[in-house]
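Asker: Could you have a look at this structure, given as structure tokens, before my questions?
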Amino acid sequence: MSLGHACVDVYQGAVAALVPYFVAERAYTYAAASGVVLAASLLSSVVQPLFGALTDRRELPWLLPLAALAGGAGVALCGLGGSYALTLAAVALSGVGVAAYHPEAARVARLAAGGSHTAMGWFSLGGNMGFALAPLLVWAVVAGGGLGASPLLAVPALVGAALCTAAVRAVGPRAGQAAGARVGCGRDDWPSFLRL
């Protein structure tokens with residue numbers, strides 16, 4: 001799960017790392033380049049609680065590989081079109097993929113960890129490492145091939161989807177037990193959440 005987390009969170013850092021290339025190759029203004037980062041991070045932040053609410057109600061293990069692929073597809077596609085609107089749509093897709101991944105991944109990681117805080121620390125470290133390595137990955141791919149090489153940035157998503165699928169299969173039989181324990185542990189306080 002830790003390596004899968006790294007493969008997904010690389011896309012959180014990749015969008016910001018692509019900004020200098022958008023400015024250089026597409027002559028984006030700083031405001032336009034900031035809009036690209038905003039599209040990825042704001043949308044991801046807004047929809048992640050919605051995915052959390054969904055995974056509180058039911059297990060969605062199939063969401064892990066799908067979310068990894070969506071995160072990678074968005075970043076891979078953002079370098080292909082010259083249109084600003086298509087770039088925003090691509091990074092928004094990536095942001096939604098990253099947001100969809102985290103709530104279900106945390107549930108599966110807790111199951112795989114068997115209550116170990118150390119194992120959960122490794123899971124968290126994986127995400128941080130992916131985020132930190134994103135600029136190096138972007139540089140390695142885009143510095144030589146330009147934004148047109150961005151489809152190569154999908155490779156971590158493919159690896160992450162495979163790792164997440166393997167983790168879900170390994171944890172599978174225990175998943176139902178955790179879901180039963182989770183039902184009825186409280187109610188959502190949407191008015192307080194919206195004020196926050």
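Asker: Determine ³J(HN,Hα), in whole Hz, for all residues of the stretch 94-108 in sequence, where each value follows from phi through the Karplus function 6.51 cos²θ - 1.76 cosθ + 1.60 and θ = phi - 60°; x replaces Gly and Pro.
Answerer: Once θ is set to phi - 60°, the couplings for the stretch 94-108 become 4, x, 5, x, 5, 5, 5, 5, 5, x, 5, 5, 5, 5, 5 Hz.
Asker: Could you check how much of the accessible area of the stretch 1-86 is carbon and sulfur, as a whole percent, using a 1.4 Å probe?
Answerer: Solvent-exposed carbon and sulfur of the stretch 1-86 make up 72 percent of the total.
Asker: On alpha-carbon atoms, Rg over Rh for the stretch 1-113 using Kirkwood Rh?
Answerer: Rg/Rh for the stretch 1-113 comes to 1.03.
Asker: Report which label in (1) 31; (2) 38; (3) 42 holds the value of percent of Cα pairs over 27 Å apart derived from the coordinates of this structure.
Answerer: Only one listed value fits the structure, namely (1).
Asker: Please list 3J(HN,Hα) in residue order for the stretch 133-145, calculated via the Karplus relation 6.51 cos²θ - 1.76 cosθ + 1.60 where θ = phi - 60°; whole Hz, with x for glycine and proline.
Answerer: Result, ordered by residue: 7, 4, x, 5, 5, 4, 4, 4, 8, 8, 4, x, x Hz.
Asker: Can you work out the Karplus-derived ³J(HN,Hα) for every residue in the stretch 73-84? Use 6.51 cos²θ - 1.76 cosθ + 1.60 with θ = phi - 60°, whole Hz, and x for glycine or proline.
Answerer: 4, x, 5, 5, 7, 5, x, 8, x, x, 6, 5
Asker: Please compute the Kirkwood hydrodynamic radius of the stretch 47-118 from all pairs of different C-alpha atoms, in Å with one decimal.
Answerer: 13.0 Å
Asker: Could you work out the helix-only [θ] at 222 nm for the chain, with each DSSP H run of four or more residues adding -39,500 (n - 2.57) and the total divided by the number of residues, to the nearest 500 deg cm²/dmol?
Answerer: Taking each H run of at least 4 residues, the total per residue is -29000 deg cm²/dmol.
Asker: I need the shape label for the stretch 107-178. Rule: rounded when a/c is under 1.5, else prolate if a/b > b/c, else oblate, with a, b, c from the alpha carbon gyration tensor.
Answerer: Verdict is oblate for the stretch 107-178.
Asker: Find the accessible area per residue for the stretch 22-70; the probe is 1.4 Å, ligands and nucleic acids are left out, and the unit is Å².
Answerer: Ligands and nucleic acids excluded, the result is 54 Å² per residue.
Asker: Exposed loop sites here are trypsin sites (Lys or Arg not before Pro) in DSSP loop states with at most 10 other C-beta atoms within 10 Å. What is the longest stretch of the chain lacking them?
Answerer: With trypsin sites (Lys or Arg not before Pro) excluded where exposed in loops, the chain gives 59-186 as its longest stretch.
The values are calculated or read from the model by the stated rules, or taken from the named source; none is laboratory data. On a predicted model such as this, the values are computed, not experimentally measured, just so you know. All Cβ positions, glycine included, derive from the backbone under ideal geometry; neighbour counts span all protein chains shown. Side chains are part of the model used for accessible areas, which takes the heavy atoms of the whole protein and leaves out ligands, DNA and RNA. Shrake-Rupley method; radii C 1.70, N 1.55, O 1.52, S 1.80 Å.
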